[in-house]
Structure formats: C-alpha cells, structure tokens
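Single-structure report; data block below.
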Amino acid sequence: LEEVGPREWRFVYPELYDELMERFHRGVELLEAGQLSEAERIFRATLARMPEHLDARHHLALVLDERRRKAEARSVWDEAVKVGRTAFPAGFDPGRDRLEWGWLENRPFLRCLQGLALAWRDAGEVEQALGLYRELLALNPNDNQGVRAVTVEALLELGRPGEILALCGRYPDDIMPELTYGRALALFCLGRRDEADRALREAVAGSPLVAMELLKAKHRRPRSRFPGTVTMGGPDEAYEYWERQGKFWERTAGALDWLRGIVGARPRLGSRSGGISRPRL
C-alpha cells in the first residue's frame, strides 16, 4: 500500500499486473457470457503467472460459486483476502486507516472481502459475515458496495436492534429500504412505538412498493431491467427486500399488523421509481 492522504491508502501493483489485464478482461467477458469453463481456465492461468492478482482470484471465486462449488469459492476468497492483507503496513487500523472505493486500485481487495463475507452469510455463518461487513464499512465508510444493507439483515438475524439504530445513524439520509424499514422495525422491537410509527411512515412514503410486497399473500419475482441489479423504488427492489428480510417482519409479533395499519392510514400508494439501478445484494 502507499499512503495517498492522512491514513488513506491505495494498493500498488507491479508492471506484470497491467500486462495481464487484456487476457483477464477476456475472462470476465467469458464469465458474463456464461462460458464458465473457459473463463475459469483464463483466471487460473492469470494466477499461475501472478498469484497476487486479486481480481483474478475474485472472478475465479465467482465462477466456482456459479458452478455451485461454494466451499471452493469461499476458500479462494479467503486466500485472496489473506494475500491482500499482507500488503497492509504495520499498525494498519481499519476505521482510522481507510481503503476508499474511489481509488480503482482498492476495488479488487474490497470486492474479495465482500465476496468472502457473502459466502459466509450464504453458509449460515452470520456472525462471521457480520465481522467482515464491519471491516468493509470501516475501510470504506462511503460504502459504495451497499454493505450496510446486508449488515442490517445480519443484525436482524442476530436480534440486535440497538446496533441497527447505531448503523442507521451513520447514514441518516439513506433511502435504501433495508435501512429505512430496518430502522422502523428495530424501533418497534425496542418498544419505542412513537418513534417507530414516524420511521415507518417515512419508510412507506419513500418506498411504498416495499410495504405492498410485505403485505402480499403471494409473491412473484418481477423482471429486473438489467440482470444482477434492482431498480431503486421498483417492484424488483420490493421483491428483493421481501425475499431477504420479509421473514423478520413475519417473525416479529404484531409487525405486519402494525405495517397494515400504517399503510391503511395513508392515501393510495404510488411508486417513487426513477429507473436508477443498483447491484443486487
């Protein structure tokens, strides 16, 4: 790493990294086209020449994950994170020291760290995933990867509403439903009903389709405008929220009736969708 500002760092790569990029990008194209075997071959060949190529490790893990070889994928991400951390200087302290997403050189490591976190989440190791989410938010507080949303999910799973409020306090103007609805549900769980009512009204006003999806008896996945993304304010975002976090509303006694009452007290709901897409989580 090289320091580019007070306690702000970016990765530095050898010349070989640039020499391998054309072939690496060919592997990415093959991955996106669904040609997994050929993409895997290219990523492994890249790593044979440069084991520290974090983007090749990340994309190899994506191939393995897509092929349902999830334990292997998690192992690749784990090794990638270990390799990346070897570049940290002595005394590097996430939170005080930062690896901002704005530096392109940092993105491969941040992607690997997120990949490992989500792999642990999918394996049911929520506490393990949560630790990595926190590291990501400490390294890159602007959170260009949307990690705060899955952090709320983990905290709901672990029954820690107070920590959800602390997290939401760090992003007070956030419009992601995972935070707006998550904050309301956390307040409800803590018995802070007046605050919860206000928070839920704001959440419903900002993301009305989420409320409608949560209250449906049957759910059907809508089409996304672009594969791998959800449309902010759109029906696909609402479905995605229900699919990942609807269970917490169902498990919380009285929560859906509370939501139903808030929705029933409002004028007819509409959509705020502006057609902006964000990556699926």
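Key figures
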| item | result |
| --- | --- |
| With DNA, RNA and ligands ignored, accessible area of Ser37 (1.4 Å probe; Å², nearest 10) | 70 Å² |
| Solvent-accessible ranking of His219, His25, His53, largest area first, probe 1.4 Å | His25, His219, His53 |
| For the chain, size of Cβ-based charge dipole, Lys and Arg +1, Asp and Glu -1, in debye | 1160 debye |
| Theoretical FRET efficiency, 1/(1+(r/R0)^6), r = Cβ-Cβ of Glu72 and Asp194, R0 35 Å, to 0.05 | 0.10 |
| Percent of Cα-Cα distances greater than 15 Å, calculated over region 66-149 | 57 percent |
| Coil-residue trypsin sites (Lys or Arg not before Pro) of region 74-159, DSSP, other Cβ within 10 Å capped at 16 | Arg96 |
| Region 170-221 - accessible surface per residue (Å², probe 1.4 Å) | 53 Å² |
| Long-range amide H partners of Val230 with built H, under 5 Å | Arg278, Arg280 |
| Accessible surface, 1.4 Å probe, highest first, among residues Leu116, Leu256 | Leu256, Leu116 |
| Counting DSSP beta bridges with both ends in the chain, the antiparallel % (nearest 5) | 75 percent |
| Charge sum, other residues only, whose C-beta stays under 12 Å from Glu79's C-beta, Lys/Arg counted +1 and Asp/Glu -1 | +1 |
| Per residue accessible area of region 87-141, 1.4 Å probe, in Å² | 41 Å² |
| Solvent-accessible area of Asp78 with every protein chain in place, 1.4 Å probe, in Å² to the nearest 10 | 50 Å² |
| Under-5 Å amide H pairs with Glu100, H placed in peptide plane, nonlocal only | Trp9 |
| (i) 92, 57, 27; (ii) 51, 46, 35; (iii) 63, 43, 32, with the label sought being that of the calculated Cα extents along the principal axes in Å | (iii) |
| Residue-averaged 222 nm ellipticity for the chain, from DSSP H runs of 4+ at -39500 (n - 2.57), nearest 500 | -20000 deg cm²/dmol |
| Whole-percent carbon and sulfur share, accessible surface of the chain, 1.4 Å | 49 percent |
| Qualifying chymotrypsin sites (Phe, Trp or Tyr not before Pro) in region 33-96, DSSP loop, other Cβ atoms within 10 Å at most 14 | none |
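The values are calculated or read from the model by the stated rules, or taken from the named source; none is laboratory data. Keep in mind that this is a model prediction, so the values were computed, not measured. Please note: Cβ atoms are built from the backbone with ideal geometry, for glycine as well, and neighbour counts cover all protein chains shown. To get the accessible areas, we keep the full protein, side chains included, count just its heavy atoms, and leave off ligands, DNA and RNA. Shrake-Rupley method; radii C 1.70, N 1.55, O 1.52, S 1.80 Å.
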